[in-house]
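Report on the following structure.
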């Protein structure tokens, strides 16, 4: 039996959130701030937040796409559309392949159980089996450098320690479609250097990567192309340097070019 390669396609897809009490201006403002879209009306004349508008894209095996755009532009909503968490209210979205959505490093972790137990729970949240995660515990533990803390409840961890644990789990999986949201940080520089190498290995193992981040350095290291998301629409798609130049200007584009050149010099593994 032939196994289909991972693929994502959307055609004129919209994601709209209805606001039934449109008389409340404060409610509209609060919701608009979170969703980042524009206010409109749907076919039933209900006031809606248009979080994504008319999104058409096609991603195939080997694609490495970075999402750029300001806070509230729709990057996270687009990731949730591509993962199947949100269904389009208009248009269509089709996803073929096993999806690993990594939108919040802390999702799927329980503060009352130990780090070792959380490794298994978090991995299962990402689609792994208990047996698969049990086989990876020692390797993940070594990467996190948390030592005896792994036997203690997660609530005793600092933010940086939680990120280490979550990063160890996330980078141990083999996803067909990897959807990464920003939020990687809060760890010391030496560990982040180690984590970046692991992230690059994770990306090399994944079939498709879509990565939303404000870090042009991260995007240039992990992605080949980019999309500029602005007010719920894809304003531009193309090479990372070109998209960053349109979004942030020549200085940012020059920085991206330097990172890409450095990646080539150090022969960063890429598929």
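Tell me, 63, 251, 174 in order of fewest to most beta-carbon neighbours within 10 Å? Could you put the intermediate results ahead of the total?
Working: 63 20, 251 10, 174 14.
Taking fewest neighbouring Cβ atoms as first place, the list is 251, 174, 63.
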#### Entry: Hydrodynamic radius (Kirkwood) for region 104-174, which is based on Cα pairs only, to one decimal in Å
11.6
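Per residue and in Å³, how big is the convex hull formed by the alpha-carbon atoms of region 116-271? Before the final figure, lay out each step's value.
Working: hull volume 20.7 nm³, N = 156.
Taking the convex hull of the Cα positions in region 116-271, it is 133 Å³ per residue.
Can you put 5, 241, 50 in order, fewest other beta carbons within 10 Å first?
Details: 5 13, 241 19, 50 23.
Ascending number of Cβ neighbours within 10 Å: 5, 241, 50.
We did not get these values from a lab; they are worked out from the coordinates using the rules stated. None of the values given here were measured: they were computed from a predicted structure. Heads up, the Cβs are rebuilt from the backbone with ideal geometry, glycines too, and the neighbour counts pull from every protein chain shown.
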